[in-house]
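These notes are about the structure you will find just below.
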Amino acid sequence: MVVNLHMANSPTIQPRKQYPMFQNAKKTVVFTVVAVFSLLSPTFAGAAPAIQQWQTANGARVYFVPAPELPIVDVRVMFDAGGARNEGKGGLAQLTSGLLNDGAGDLNADQIAERFGDLGAQFATAAELDSATVSLRSLSKPEVLQPALDTLALILRQPTFPQDAFERVRKRMLIGLRQQQQSPDAIADKAFDKAMYGDHPYGAPPLGTEESLNALTRDDAVNHHSRYYVARNAVVAIVGALDRAQAQALADALVGKLPEGEPAPALPKVNDLTASQSVNIEYPSAQTHILSGQPGMSRNDPDYFALYVGNHTLGGSGLVSRLSEEVREKRGLSYSAYSYFMPLRDRGPFTMGLQTRSDQADEALKVMRDTLATFVEKGPTAKELEASKKNITGGFPLRIDTNKKIVDYIGMIGFYNMPLNYLDAFIAKVDAVTLPQIQDAFKRRIQPDKMVTVVVGRSAAQK
């Protein structure tokens, strides 16, 4: 099936984003000891951290890693309340997240900002496709940490969603939508997700549409918060200079008074594509943007490591990947070509992409498709596999070398119910991947004849 669309004129070009996320960048005063925080955490140098896990009395799951070397505490509270929970009200999860610190209890937005600012604490909210996250970084001194936690707990428990703030945040999101309409990259992303997932929640734009945003009401945000910002739908990740008892007290102070509630229900199953589909969008950009892919894998996918390591060779290792070699080095068709899996609660997208001159878009797309077909048929060479393993495992220590990275990881581990030894076993699992495993996984999971392809650029409708 081929769909042709025509978009407004704009020369704006932006790099490909995996998913456009509306993030609330409200942060308070930056610590005066930022330089200290940027240092490597000696606790984890050369070894993955041991994760402690428990559950609060009202059902929130807590994941904790002690890190006594630096006098700071990082906290993430993640709710299964992302864009996939919009339930037909596009943009609702992002709008609700963006309103959280515009008022809580008897505090208004300015008073909340002043509280965090006076303490030198950092606070932020974000809503992505699967999750909505509230983050706090504070010094670990009780006289600083406790009032910061009290304020955050109030925000989680009693946001007031002021009507004037609701209108302001909605207006900001509408402006964001209009900016996306001027970006061929964002246009391609939206068309790609819609063509791949159809009516599944992963197919809807997280930021919504002008129609869906204009239809939202304050009550929608209140109801979304009441339904999803509950203890049994929450994961708390803590890394910092605390012992176990202090971490338990922190978690109880933060989410112990949230309603118990219920976990979010399972999402609809992502269906396989039954045929290839091409979406050509005419757009007067200097470069033609091409995306091609299909539903890929979930976070707990049994083929995760075979697909992850295999893709590192195919298109995940930058300029030395197979795709880059064929598209850029041999033919000079694009500055870069890439592929990646984006694992989610269910199967997130497998995506290949590139940008090229419009007059060579057909050739670049053919090379990309041929490279994938060859890789699915034959897999990587032994030399390529060895290089990929060395690159992945050699860089792994840098992925867990700060408290911030650790708290992000353990939040992900908790949110997706991944094994507690995920970080500790990561290198061994990568090293254990074999050529036959990659060939088998790609042949079973990737069908080159059933791909969604989106082309955004000049004369795309004629391609």
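The values are calculated or read from the model by the stated rules, or taken from the named source; none is laboratory data. The structure displayed is predicted, hence computed values, not measured ones. Cβ atoms come from the backbone with ideal geometry, glycine included; neighbour counts cover every protein chain shown. Each accessible area value is taken on the protein alone, full model and side chains, heavy atoms only, with ligands, DNA and RNA left out. Shrake-Rupley method; radii C 1.70, N 1.55, O 1.52, S 1.80 Å.
Numbers for the structure displayed
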quantity: Cα-Cα over 25 Å, subset of 89/257; 269/390; 141/257; 171/405; 194/404; calculated: 89/257; 269/390; 171/405; 194/404
quantity: Total charge dipole magnitude, segment 290-411, about the Cα centre, Cβ charges on Lys, Arg, Asp, Glu only, Debye to nearest 20; calculated: 280 debye
quantity: Orientation-averaged projected area, Cα convex hull of segment 190-255 (nm²); calculated: 7.3 nm²
quantity: Portion, in percent, of the accessible area of segment 174-240 that falls on carbon or sulfur, probe 1.4 Å; calculated: 50 percent
quantity: ³J(HN,Hα) computed for each position of segment 199-208 - Karplus, 6.51 cos²θ - 1.76 cosθ + 1.60, integer Hz, glycine/proline x; calculated: 8, 4, x, 5, x, 8, x, x, 7, x
quantity: Cα-projected label distance for residue 57 with residue 420, points at 7 Å along beta-carbon direction, nm; calculated: 2.3 nm
quantity: Residues of segment 344-463: accessible area per residue with a 1.4 Å probe, Å²; calculated: 44 Å²
quantity: Options 226, 96, 191, ranked by Cα towards positive dipole end of the chain, top entry (Cβ charges); calculated: 191
quantity: Rounded to the nearest 20 debye, dipole of the chain from Cβ charges on Lys, Arg, Asp, Glu; calculated: 620 debye
quantity: Segment 105-235, accessible area per residue, ligands and nucleic acids excluded (1.4 Å, Å²); calculated: 39 Å²
quantity: For segment 90-146, the Rg and Dmax computed from alpha carbons only, in angstrom; calculated: 12.9, 41
quantity: Square roots of 5 times each gyration tensor eigenvalue, C-alpha, segment 282-333, largest first, Å; calculated: 26, 17, 7
quantity: Gained length - residue 357 relative to residue 143, 0.36 nm times residue gap less alpha-carbon distance; calculated: 71.2 nm
quantity: Tail beyond 15 Å, pair distance distribution of segment 121-190 (Cα, percent); calculated: 71 percent
quantity: 222 nm mean residue ellipticity, helices alone, for the chain (DSSP H n ≥ 4; -39,500 (n - 2.57); rounded to 500); calculated: -12000 deg cm²/dmol
quantity: Value of relative contact order over the chain, rounded to a whole percent, pairs C-alpha under 8 Å and six or more apart; calculated: 23 percent
quantity: Cβ-based charge dipole, the chain, positive-most Cα from 433, 323, 236; calculated: 323
quantity: FRET efficiency, 1/(1 + (r/R0)^6) with R0 30 Å, evaluated for residue 87 and residue 163 via beta carbons; calculated: 0.85
quantity: Whole-percent carbon and sulfur share, accessible surface of segment 350-391, 1.4 Å; calculated: 50 percent
quantity: Cleavage-rule hits, trypsin sites (Lys or Arg not before Pro), segment 244-278, DSSP coil, Cβ neighbours within 10 Å at most 13; calculated: 269
quantity: Cα centroid of segment 118-147 to Cα centroid of segment 176-216, whole Å; calculated: 29 Å
quantity: Rounded to the nearest 20 debye, dipole of segment 185-262 from Cβ charges on Lys, Arg, Asp, Glu; calculated: 300 debye
quantity: FRET efficiency estimate (nearest 0.05) - Cβ-Cβ, residue 382 to residue 114, R0 60 angstrom; calculated: 0.50
quantity: Distance between segment 310-339 and segment 426-449 - C-alpha centres, whole angstrom; calculated: 19 Å
quantity: Cα extents of segment 137-234 along the three principal axes, largest first (Å); calculated: 51, 28, 28
